[in-house]
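Worksheet for the structure shown next.
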């Protein structure tokens, strides 16, 4: 599976589901540029749900990619 590291603006798609995917809007994991010492979160916008951003709580990118909702995504 080919993926760019998580970064704001990166786009990821699901190869077996044309038209589905997401774009990263915000990342606040420990050690990242936006880390303010609070809850580690990531915000993304799904392609198939217009004008809707969602926030997800993850400890870091390793846990993000293990989640069943995201583990099959690849970089566009």
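The values are calculated or read from the model by the stated rules, or taken from the named source; none is laboratory data. If you're wondering where the values come from, they're calculated on a predicted model, not measured in any experiment. Cβ: placed from backbone, ideal geometry, glycine included. Neighbour counts: every protein chain shown.
Considering segment 12-51, the residues that are touching a strand residue (DSSP E or B) at 6+ places or on another chain (Cβ under 9 Å) and at positive phi include one that is surrounded by the most Cβ atoms within 10 Å (Cβ to Cβ), namely 21. Please work out if residue 9 is in contact with a strand residue (DSSP E or B) (Cβ under 8 Å, 6 or more places away or on another chain), assigned to a loop (DSSP other than H, G, I, E, B) and either at positive phi or surrounded by 15 or more Cβ atoms within 10 Å (Cβ to Cβ) (or both). Judged against the criteria, residue 9 is a match. Each residue in segment 62-76 was checked for being under 10 Å from the mean Cα position of the chain (by Cα), outside any loop (DSSP other than H, G, I, E, B) and touching a residue at least 60 places away in the same chain (Cβ under 8 Å), and 1 pass. From the residues in segment 26-48 that are more than 15 Å from residue 61 (Cβ to Cβ) and in a loop (DSSP other than H, G, I, E, B), which one is nearest to the chain's Cα centre (by Cα)? Looking at residues that are more than 15 Å from residue 61 (Cβ to Cβ) and in a loop (DSSP other than H, G, I, E, B), I get 47.
Here segment 59-69 is the region considered, the condition is being surrounded by 14 or more Cβ atoms within 10 Å (Cβ to Cβ) and modelled with pLDDT under 95, and the residue that is nearest to residue 22 (Cα to Cα) is 61. Return yes when residue 19 is within 21 Å of residue 75 (Cβ to Cβ) and more than 12 Å from the chain's Cα centre (by Cα) and no when it is not. Taking the combined requirement at face value, the residue satisfies it.
Does residue 59 fit the bill of being assigned to a strand (DSSP E or B) and under 13 Å from the mean Cα position of the chain (by Cα)?
no
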